[in-house]
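Undergrad: Before anything else, here's the structure in question.
The values are calculated or read from the model by the stated rules, or taken from the named source; none is laboratory data. Just so it is clear, the structure is predicted and the values come from calculations on it, not from any experiment. Don't worry about glycine lacking a Cβ; one is built from the backbone with ideal geometry, like all the others, and counts go over all protein chains shown.
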Amino acid sequence: MRVLGLDLGSKRIGLAISDEQASIAFPAGTLPSTGRRADVVAVTKLIAERDVGRVVVGLPRHMDGRKGPEAEAAEKFAAALHAAARVPVDTLDERWTSLEAERALREQGLDARRTKKHVDAVAASIILRTYLELQRSQEDGAE
């Protein structure tokens, strides 16, 4: 089952998708963000096209763990996406993912300031990779 990772932003949505075994996360580009209703429709279409069975949405918490308006908007998006796409949609704390993505791109010799779309897709892949690792560790602990 493929899993889709989303890094929500005001201008674009970073995308990442897993392999069919849900073991590896790959950056998958971005979608322009044009409002929650249109974004849900666009992501629902992508879910159908890519045969996605589960979605994880980055939850942007403050550094002290509190939820702000962005986190509340992400939770509303996740709920709307679940209702529209009829697949499980989880959220995952995404603190530090954009900084980690920028660092990874710099290490590859890319200027993160000039490749914001890449940062969003890499951040989505970090969210997805973290989610997949957590799922595996929970499965291992259950055995």
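Undergrad: Keeping to the stretch 37-70, report how many residues are in a strand (DSSP E or B) and in contact (Cβ under 8 Å) with a residue 40 or more places away in the chain.
TA: Number of matching residues: 7.
Undergrad: Mind checking whether some residue in the stretch 84-98 is surrounded by 21 or more Cβ atoms within 10 Å (Cβ to Cβ), in contact with a strand residue (DSSP E or B) (Cβ under 9 Å, 6 or more places away or on another chain), at pLDDT below 90 and part of a helix (DSSP H, G or I)?
TA: Within the stretch 84-98, one or more residues are surrounded by 21 or more Cβ atoms within 10 Å (Cβ to Cβ), in contact with a strand residue (DSSP E or B) (Cβ under 9 Å, 6 or more places away or on another chain), at pLDDT below 90 and part of a helix (DSSP H, G or I).
Undergrad: To continue, here is another question. Can you tell me how many residues within the stretch 71-100 are without any contact (Cβ under 8 Å) to a residue 12 or more places away in the chain and within 20 Å of residue 121 (Cβ to Cβ)?
TA: 2
Undergrad: A further question follows. Kindly indicate the residue of the stretch 1-29 that is of a type in the set (S, T, N, Q) and either assigned to a loop (DSSP other than H, G, I, E, B) or over 14 Å from residue 47 (Cα atoms) (or both) and also modelled with the lowest pLDDT among those meeting that condition.
TA: 10
Undergrad: Please enumerate the residues belonging to the stretch 18-46 that are buried (at least 22 other Cβ atoms within 10 Å of the Cβ), closer than 20 Å to residue 86 by Cβ and of a type in the set (A, V, I, L, M, F, W, C).
TA: Within the stretch 18-46, just 43 meets the criteria.
Undergrad: Moving to a separate point now. Restricting the stretch 47-68 to residues that are farther than 15 Å from residue 92 by Cβ and touching a Gly at 6+ places or on another chain (Cβ under 9 Å), which is surrounded by the fewest Cβ atoms within 10 Å (Cβ to Cβ)?
TA: The selected residue is 62.
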